[in-house]
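Written below as C-alpha cells is the structure these notes are about.
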Amino acid sequence: MGDDSTVGIILAGGRGERAKPITLQSADYIRSKALIPFAGRPLIEWIVETCRDQGIRCFYVVAQGAENRSQIKLVLGHGERYGVEIDYSRARFDQYNVGSGAATLHNLEQWNLTGSALVMPVDSLFDFSLDELRATHETADAVVTVAAVSRSPEEIAGKYGVMRTTANGLVSGFLEKPQLTRIHEEFPRTGPARRPHTLPTNAGMYLIDCARLRLAARTPELIRLAQQRLDWGHDLLPWLVGHDQRVAVGPIARLGDLGSIGDYLGTLGEALNGLYPYVNRALGDPLSADPRYWIHETSLRTKDSATGTTLAQKIAEGSVVLGPGVRIGRHAEIGTDVHLRYTDIGDGVDVAEGARLDRTVVGDGAVIGPYARISDSYVGPMAQVQSDRRTPVRLEQHTAVGDGAYLWPGTRLSGVSVYPRLRVPALSKVPTGTQLTSSDDILQWI
C-alpha cells in the first residue's frame, strides 16, 4: 500500500494466559482474546469501530494458529459489516510471530506497507485522538510515536515502565517498572508543587512510519533479534532509541487493560461509568442518567417467573435497585429485591430474587441463584450459580467462573478461578489465587 492514509494493525495472536478462564470455552479450547465479551460485543469490534470512526478504513490482523484466526474471521469477516477492509496474516508466517515486535516487522514486509500505520494490541481499550497522534508524529519526524498515558509516581511504582524524554518530546531511554525511590531519583520534581507530578508510560499502541521502520529492520542485528524474541516494549523500542532512530511520545487520554481478570473488571467499570467517550456513543443514551444504566427494551418487558411482574414494573416500584454503571442486555429476567451496581448483564441471563451484584460481569445465558452475593467477579456464559436463601453463594476479589461451570449453594470463593464445565460443591476454604482446572483440583479442597 503506497498512499498516505493510516492503516490499522491489530496484534491479535496472544493466548490470553492471564485472563483465563475468560479466554477459555472449555479446558482445552482457547477463546481468542479478541473475542472477550465487553459491554455486549466482542472486544475486537470496539477496536475496529473506534478506529474506523477516526478515519481508518483498512485493517490488518496479525493472528496466530487455526483457532485464533478462524474465531476472529468469523466475527469480522473481511470488514463488510463495518464498512472497512480487513486482511489477515498468512498462516505459513505464524512461526515468525515471536513477540509483538517481530510479528509487526515480519508482517509489514508481507503486506508491503509503506505509509503510516497504527499498531495496537487486542486486549486493551483506548481513549485517544488519531489526529493528535499524527500531528505529534509528523512534527517530531518520528519513525515511531508511542501512545503514552501520564501516571503519578505512586501509580507507576513496580507496575509500569517509564520513558525518559528530551525537551522536544523524543524518547531518550526507558526505566522498567521502577520502585518509588528510584522514580524520585531519576525524575526529580520540577515546577510548582501544587501541579500533579506525572510521567509518560507506554500504552502499547504505536503510530509508525512503515517504510522507515522496515528499513531499520533490515540491519543484521535486528534481523537476528526478530528471529528469536522481539517484543515492542522490552526489545524493539530500546533498540530503536539506542540506534538513534527517532521515537516520539504522543499523550493519549486513557488506557484500559483487559489482560487479567482484575484489569478487565476495572476497565469495564470505567467504561460503564462514562470514562470512554466512544463506548458512551456506541451504547447510546442510557435509560437513566442518574444513576446511569442501560437496559434493552426486551428485558424491560420480561416478567420474572416468581411474581409475573416485568423489570420495568419492579424498577418503578423500587423492588429492583440499579446503578450506577449497569448494562442489561436482551431478554434478561431479573427477580425482585435484586441490587445491581457497576455490573454488566449479558443476553438471556436469569438473576433470581435477592441477589446482590457489584462490579461484576455475567455472561450470556448464565443463571444467578437467589440471594447470591457477588462482587468484583466474572461469571461466564451459561454458568450456573445455584445459590439459595439459607446457603447463599459468595464470590469476591476477582473470582472468575468459566463457561458452563456449575456452583452448588453455599460455595464461597475469593480470588479463585473456576475452569469451564466444572461442577463445584460448596467449597469455602480455597486459597486466593487458586485455579480449579479439573475435578482433581476440586477434590483437594473438599
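The values are calculated or read from the model by the stated rules, or taken from the named source; none is laboratory data. Quick caveat, the model's predicted, so the values are computed rather than measured. Methodologically, a virtual Cβ is constructed for each residue, glycine included, from the backbone with ideal geometry; neighbour enumeration extends over all protein chains shown. Areas reflect the complete protein model, heavy atoms only, side chains present, ligands, DNA and RNA absent. Shrake-Rupley method; radii C 1.70, N 1.55, O 1.52, S 1.80 Å.
Observations, loosely collected:
- Out of VAL61, VAL75, sole residue that is of a type in the set (A, V, I, L, M, F, W, C) and within 27 Å of LEU215 (Cβ to Cβ): VAL61
For (1) open to solvent by 50 Å² or more (accessible area, probe 1.4 Å); (2) of a type outside the set (Gly, Ala, Ser), each residue gets a yes or a no:
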{"site": "GLU353", "(1), (2)": "yes, yes"}
{"site": "LEU357", "(1), (2)": "no, yes"}
{"site": "ALA366", "(1), (2)": "no, no"}
{"site": "PRO370", "(1), (2)": "no, yes"}
{"site": "VAL385", "(1), (2)": "no, yes"}
{"site": "VAL393", "(1), (2)": "no, yes"}
{"site": "GLU396", "(1), (2)": "yes, yes"}
{"site": "ALA400", "(1), (2)": "no, no"}
{"site": "GLY410", "(1), (2)": "no, no"}
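- Of the set (1) modelled with pLDDT of 90 or more; (2) in contact with an Asp or Glu (Cβ under 7 Å, 6 or more places away or on another chain); (3) not in a loop (DSSP other than H, G, I, E, B), all apply to GLN25 but (1).
- Subset of the stretch 195-215 that is part of a helix (DSSP H, G or I) and within 13 Å of THR104 (Cβ to Cβ) - its residue that is most open to solvent (accessible area, probe 1.4 Å): ARG214
- The criterion of being free of Cβ contacts under 8 Å to residues at least 12 places away in the same chain, hydrophobic (A, V, I, L, M, F, W, C) and more than 24 Å from GLY101 (Cβ to Cβ) holds for ALA167.
- Scanning the stretch 326-345 for residues being out of contact with any helix residue (DSSP H, G or I) (no Cβ under 7 Å at 6 or more places or on another chain) and open to solvent by 10 Å² or more (accessible area, probe 1.4 Å) gives a total of 4.
- Any chance ARG218 is part of a helix (DSSP H, G or I) and of a type in the set (Lys, Arg): no
- Residues located in the stretch 390-422, provided they are outside any loop (DSSP other than H, G, I, E, B) and closer than 15 Å to ALA366 by Cβ: LEU395, THR399, ALA400, VAL401, TYR406, LEU407, VAL418
- A search for C-beta distances below 8 Å between a residue of the stretch 279-304 that is among the charged types (D, E, K, R) and any residue that is open to solvent by 60 Å² or more (accessible area, probe 1.4 Å), counting only pairs 6+ apart in sequence or on different chains, returns ARG292/ASN273; ASP304/GLU353.
- Residue within the stretch 273-292 that is more than 27 Å from GLU49 (Cα to Cα), assigned to a loop (DSSP other than H, G, I, E, B) and of a type in the set (S, T, N, Q) present: no
- Test: residue in the stretch 174-189 that is open to solvent by 10 Å² or more (accessible area, probe 1.4 Å), in contact (Cβ under 8 Å) with a residue 12 or more places away in the chain and closer than 30 Å to PRO42 by Cα: no
- Residue in the stretch 83-91 that is surrounded by 14 or more Cβ atoms within 10 Å (Cβ to Cβ), part of a helix (DSSP H, G or I) and not β-branched (Val, Ile, Thr) present: no
- Of all residues in the stretch 97-115, those being surrounded by fewer than 20 Cβ atoms within 10 Å (Cβ to Cβ), farther than 20 Å from LYS33 by Cβ and not charged (D, E, K, R) number 5.
- Of the strands (runs of 3 or more DSSP E) lying entirely inside the stretch 96-157, those carrying at least 2 residues that are at pLDDT 95 or above are 116-121, 144-151.
- Every residue from the stretch 221-236 that is under 20 Å from LYS177 (Cβ atoms), of a type outside the set (D, E, K, R) and in a helix (DSSP H, G or I): TRP232, GLY233, HIS234, LEU236
- In the stretch 118-141, residue farthest from ARG246 (Cα to Cα) [restricted to those that are open to solvent by 40 Å² or more (accessible area, probe 1.4 Å) and acidic (Asp, Glu)]: ASP131
- Residue check, ALA203 under 17 Å from PRO121 (Cβ atoms) and within 22 Å of the chain's Cα centre (by Cα): yes
- One residue from ARG254, ARG281, ARG229, ARG212 being over 28 Å from ARG164 (Cα atoms) and basic (Lys, Arg): ARG281
- Enumeration of residues in the stretch 158-187 that are in a helix (DSSP H, G or I) and acidic (Asp, Glu): GLU185, GLU186
- Sole residue being within 17 Å of TYR293 (Cβ to Cβ) and touching a residue at least 40 places away in the same chain (Cβ under 8 Å), chosen from VAL361, VAL338, VAL349, VAL320: VAL361
- Within the stretch 273-325, considering residues that are among the β-branched types (Val, Ile, Thr) and open to solvent by less than 40 Å² (accessible area, probe 1.4 Å), the one nearest to THR336 (Cα to Cα): VAL320
- Evaluating SER70 against the criteria (1) surrounded by fewer than 22 Cβ atoms within 10 Å (Cβ to Cβ); (2) under 30 Å from LEU422 (Cα atoms); (3) touching a helix residue (DSSP H, G or I) at 6+ places or on another chain (Cβ under 6 Å) leaves one unmet condition, (3).
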